[in-house]
1. I need the full set of residues from the stretch 20-71 which are in contact (Cβ under 8 Å) with a residue 24 or more places away in the chain and among the charged types (D, E, K, R), in order please.
2. Mind checking which residues of the stretch 1-24 are within 17 Å of Glu77 (Cβ to Cβ) and not in a loop (DSSP other than H, G, I, E, B)?
3. Which members of the stretch 121-139 meet the condition of being closer than 18 Å to Leu90 by Cα and either in contact with a Ser or Thr (Cβ under 6 Å, 6 or more places away or on another chain) or without any contact (Cβ under 8 Å) to a residue 24 or more places away in the chain (or both)?
Amino acid sequence: MQGRLEFVDTNVLLRLARRDVPAQVDSAEAYLRGAPGRGFELAVTTTTVSEFAFVLGGAMLGYSRQEVAGALQALLELPFRFQDLPVIALAVDLYRDHHPDWDDCLLAAYAIERADGRVVSFDRGLDRIPGLSRQAPAS
C-alpha cells in the first residue's frame, strides 16, 4: 500500500539546489530524511519543476541554460515522486541539447511521449526539436 503524499514547494527545491540559506537547507534536508519514517512520500509536480527552471534561469538569478539543465538533472536524482517523470526527463534532455526555452521543451516532451510527436503551434522554433512534428493551425 502506498504511503501518504506530501507535495514539495519550489522554494524548498531552490534551497536544496542553491544552498544559499544554510538554516533552511539544513531544515529541508532533515525533513526529507525523516519523511519515510513519518509515512510520507514526497511528491513534485510538473508545475513545480517548471517554476524551478524559471526561477533559476530568470533575470534575478540568471543561471545559464546549461546550469539550469544541470540543476534540473540533479533534481531528478533526488528521492521524490515526480509527476510525469519520463516527460520531465525528456524535457531536460531537449532543453540541454536542442532548444533554449524550457516550456517549449516540456510541451515537446509531452507531445513526443503521448502524441507521437504531434503538436499544433505557430512557433517555427519548435521545428529544431528532434522527434517533434509541428503543424500550424489551418483555417
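1. Result: Glu41, Glu51, Arg65.
2. Hits for the stretch 1-24 are Val12, Leu13, Leu14, Arg15, Leu16, Ala17, Arg18.
3. Once the filter is applied, which keeps residues that are closer than 18 Å to Leu90 by Cα and either in contact with a Ser or Thr (Cβ under 6 Å, 6 or more places away or on another chain) or without any contact (Cβ under 8 Å) to a residue 24 or more places away in the chain (or both), the stretch 121-139 yields Asp127, Gly131, Ser133, Arg134.
Each value in this text was obtained by applying a stated rule to the coordinates, not by laboratory testing. Just so we're clear, the structure is a prediction, and the values are computed from it rather than from any experiment. Cβ atoms come from the backbone with ideal geometry, glycine included; neighbour counts cover every protein chain shown.
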